[in-house]
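Presented below is the structure to which this report refers.
Read-outs: derived from the displayed coordinates by stated rules, not from any lab. Because the structure is a prediction, the values reported are computed rather than measured. Backbone-built Cβ (ideal geometry, glycine too); neighbour counts: all protein chains shown.
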Amino acid sequence: MLEIKNLQVKLEEEDKQILKGVDLTVEAGKVHAIMGPNGSGKSTLSYVLSGRDGYEVTGGTATLDGDDLLDMEPEERAAAGLFLAFQYPVEIPGVGNMTFLRTALNAQRKARGEDEVSAGDFLKLVRAKAKELQIDADMLKRPVNVGFSGGEKKRNEILQMALLEPRMCILDETDSGLDVDAMKLVAEGVNALRSEGRGFLVITHYQRLLDHIKPDVVHIMADGRIIKSGGPELALEVEENGYADILGEVA
Amino acid sequence: MAASAAQVQARVDLTEARIAALSAPSGEAGWAVEARREATARLRAAGLPTRRDEYWKYTDPATLTQAEATRASLFEASGEVPLYSGIDRLKIVFVDGVFDAAQSDDLTGEGLEVDRLSEALKKDIHWARDLYGVLETRGQDPVLRPLAALNTAFATDGVVIRATGKVSKPVSFVYLHQDESSDAILHHLVRVEPGAEVTVLENGPAAARFNKCMEIDVADGGAFHHVRAQGRDHERRAVTHMFARVGEGATYKSFSLTANGVLTRNEHVIEIAGDDAVAHVAGAAMGDGASGAFHHDDTVFITHDAQRCESRQVFKKVLRNGAEGVFQGKILVKPGAQKTDGYQISQALLLDEDSSFQAKPELEIYADDVQCSHGSTTGALDETALYYLRSRGVPRAEATDLLVLAFLAEAIEEIEDERLRGDIHTRLEQWLERRRQA
Ligand SMILES: Nc1ncnc2c1ncn2[C@@H]1O[C@H](COP(=O)(O)OP(=O)(O)O)[C@@H](O)[C@H]1O
Ligand SMILES: [Mg+2]
């Protein structure tokens, strides 16, 4: 589904290479996790895949079901089924959360040649999904992420994911800043979306999220590369020994 | 800098050429003839403005002062629902600045006396006599406003309104533009009696060139609400003045939406004369220089001359493709106007580097126990927010418009009436959508 080959990325403004040849394939129906020390390039990978400005791809490819992602506008990637749950969700004063959600859903449907969802149907849909994530009416009314707590922002990301039903979901440190209950809620939201046709790339710093979202494959990223891949046991190894051993092993 | 003799003469020539092209209607009452004569004298004494004048530093008045109006082609708003059409209102239609009885409702309303200006100036209506040109004259100090004096001297039409109670329906001026070279001068009077309340709506381009003056006297405990949408004809030009006097415990609230227009200068001159009064003026302007030039100037002068009064100025402009925005806003707090609460914000969102915004906020305070703040910002679109929206599948143009609407929201929120606010919001959305599809 998501195929990344030898992806090399530098900052546009600076001569700083961040990704130094990332290879990664996420198959449909699978959950892949990426772990790694701070600054190893995990967020950069997620931004480059979703089309954020400021990065320059200096080599390699990234495709979604064979289509060149790097050649698409961010909105085209979204319509093609890619979704990034942001590490730092963005506040947008003046834009109501509901307006935002409906605009996004209808824009994607339009891009795929589907009919727009009526206001009534949309309301029902949002209410049902919001309830599962314990997002109250007030949060839906407020401007996007403005005045939301850290946990509310992350739940709002998962709400968007649940509404948009993307085929390829990237979650960037969705667990950071969450207490145990909130993390469970988020994990349930993610698990509810797990299906045969959908792939997940879960970026996390800690093993604990992976207790709730069981990965099929775990990758360790360091200094802009995937340095080791394995089963769920790799995450446990990190939990126990930290990254030092693995980094040492590879070096 | 002293003007040279040649400059002085040029101003006289400019003024005389303009006056020569105009004539005041005949058959008016003695007091009206006198008011016209005095206004003409004020105009001659001041002379028409030029770019050299400090007050016109950011806006070139040449096309507003020249003898003939520059042609403005008509705008086809195909398939669009007219503004305020869902609102029960007293509709008063002007076509190229001429009252159109056939398209207007009967000039009657509950708690309301309405008359055509041309009729009122023939009669001896006390309140009209006490208002016509009176607030305009007061508004000439400390800054000259010759185009308003010109209006009082030569206005050919308009409406006088006296609200005696809570007027149930808004009075709605609809300004149609059908003649490409029309040059309209309208003057309205609004007298709000103590405790009375009226809403005045305006919409439409009015003419190729439009000079409009409204004098509003809000007596103690009265309320005046004003919502205006200036027509979207790309080539139209307008200079408007709102002169208001706000009495004790009275309210004056005005909102203007401007999309398009080669040149717009909207002046508000508000004198807060009674204690505990409130004056709010707000504006949202959206200009795109690609569809012709766009220049929009909001000039506001609020004088606090009473205690515990509140004034608010909220102006937002979204500019692209070389569009120009200007804001000149002043709060003058006179000696003794204690506990004044004055707030002023003017902000521009520049969608590209070709567009520009000039702001001149001024505070002049002669009382010690006051709270006044002002701020002005010029900024670009929030790129991170734009990326976030796009990452959710919203195309760039649509995402930009969402952010544009969000930016303008603070000004639109100033409209108190929910239906009117909704109408203005919808109008903006439609305008943006049509622009996207063009
Ligand atoms: N826009 C940027 N400007 C400057 N440095 C950046 C930028 N984006 C990423 N970096 C740098 O790239 C490296 C990787 O960052 P990031 O992808 O955020 O890592 P991670 O998510 O794994 O913590 C870090 O050294 C970070 O400082
Ligand atoms: Mg990160």
### Query
So which GluC sites (Glu not before Pro) in segment B:273-355 pass both tests, a DSSP loop state and at most 13 other Cβ atoms within 10 Å of the Cβ?
B:Glu353
#### Entry: Full-extension gain in nm, B:Gln358 to B:Phe75, via 0.36 nm per residue minus C-alpha separation
99.1 nm
### Task
Go through B:397-405, A:188-196, B:311-319 and give me the packing order, highest mean Cβ count within 10 Å leading.
B:311-319, B:397-405, A:188-196
#### Entry: For segment B:357-364, 3J(HN,Hα) per residue [Karplus equation, 6.51 cos²θ - 1.76 cosθ + 1.60, θ = phi - 60°, Hz, x = Gly/Pro]
9, 10, 10, 10, x, 9, 10, 9
#### Entry: Label-point separation in nm, B:Lys166 to B:Gln178, each point 7 Å along Cα→Cβ
3.8 nm
#### Entry: Within chain B, helix-based [θ] at 222 nm, where runs of 4 or more DSSP H residues each add -39,500 (n - 2.57), nearest 500
-7000 deg cm²/dmol
### Query
What is the antiparallel percent of DSSP beta bridges lying wholly in segment B:8-381, to the nearest 5?
5 percent
### Task
Using a 10 Å cut-off on Cβ to Cβ distances, tally the other chain neighbours for every residue of A:67-79 and report the average as a whole number.
3
### Task
With only alpha-carbon atoms counted, please give the Rg and Dmax of the protein assembly as shown, in Å.
30.9, 103
### Task
Give, to the nearest whole percent, the P(r) tail of segment B:249-384 beyond 23 angstrom, counting all Cα pairs.
36 percent
### Query
When A:Leu69, A:Leu11 are ordered from fewest to most other Cβ atoms inside 10 Å of their Cβ, what list results?
A:Leu11, A:Leu69
### Query
Taking Cα centroids, how far is segment A:71-103 from segment B:377-414 in Å?
12 Å
### Task
For segment B:8-381, calculate the relative contact order in percent as a whole number, restricting contacts to Cα pairs under 8 Å that are 6 or more residues apart.
11 percent
### Query
With r defined as the distance between the Cβ atoms of A:Tyr206 and A:Glu3 and R0 fixed at 25 Å, what FRET efficiency is calculated, to the nearest 0.05?
0.40
### Summary
Rounded to one decimal in nm, the spacing of the 7 Å Cα→Cβ label points at A:Glu239 and A:Leu123 is 4.5 nm
### Task
Using a/c under 1.5 as the rounded threshold, could you call segment B:214-316 rounded, prolate or oblate? The axes a ≥ b ≥ c are square roots of the C-alpha gyration tensor eigenvalues, and prolate needs a/b larger than b/c, oblate otherwise.
prolate
### Query
Using a ≥ b ≥ c from the Cα gyration tensor of segment A:3-81 (square roots of the eigenvalues), is it rounded, prolate or oblate, where a/c under 1.5 gives rounded and otherwise the larger of a/b and b/c decides, a/b for prolate?
oblate
#### Entry: Spin-label pair B:Ala41/A:Asp138, simplified geometry with 7 Å Cα→Cβ offset, distance in nm
6.5 nm
## Note on the structure
Least to most buried among B:Ser26, B:Ser104, A:Ser118, B:Ser346, by other C-beta atoms within 10 Å and fewest first, runs B:Ser26, A:Ser118, B:Ser104, B:Ser346
## Note on the structure
Rh_Kirkwood(segment B:8-381) over Cα pairs, Å, one decimal, evaluates to 20.7 Å
## Note on the structure
Where a ≥ b ≥ c are root eigenvalues of the Cα gyration tensor, a/c under 1.5 meaning rounded, otherwise prolate if a/b exceeds b/c and oblate otherwise, segment B:76-222 counts as oblate
## Note on the structure
In whole µm²/s, the translational diffusion coefficient that Stokes-Einstein assigns to segment A:171-251, given a Kirkwood hydrodynamic radius over C-alpha pairs, 4 °C and 1.567 mPa s, equals 96 µm²/s
### Summary
Contact order relative to length for chain A, counting C-alpha pairs under 8 Å separated by 6 or more residues, stands in percent at 29 percent
### Query
What is the distance in Å between the Cα centres of segment B:227-296 and segment A:198-245?
60 Å
### Summary
Rounded to 0.05, the calculated FRET efficiency for the beta carbons of B:Ser23 and A:Thr99 at R₀ = 41 Å is 0.15
#### Entry: Shielding by partners - mean other protein chain Cβ count within 10 Å, residues of A:44-52
2
### Query
If each residue's Cβ is checked for other Cβ atoms within 10 Å, how do B:Thr251, B:Thr264 rank with the fewest at the top?
B:Thr251, B:Thr264
### Task
Can you figure out the FRET efficiency of A:Glu13 with B:Asp13, using R₀ = 56 Å and their beta-carbon distance, to the nearest 0.05?
0.50
### Query
If packing is taken as the mean number of other Cβ atoms within 10 Å per residue, what is the order of B:365-374, B:32-41, A:147-156, highest first?
A:147-156, B:32-41, B:365-374
### Query
Averaged across the residues of A:82-94, what count of C-beta atoms belonging to other chains lies within 10 Å of each residue's C-beta?
4
### Query
Looking only at segment B:280-294, which residues have a backbone nitrogen under 18 Å from a spot 7 Å from the Cα of B:Ala397 in the C-beta direction?
B:287-292
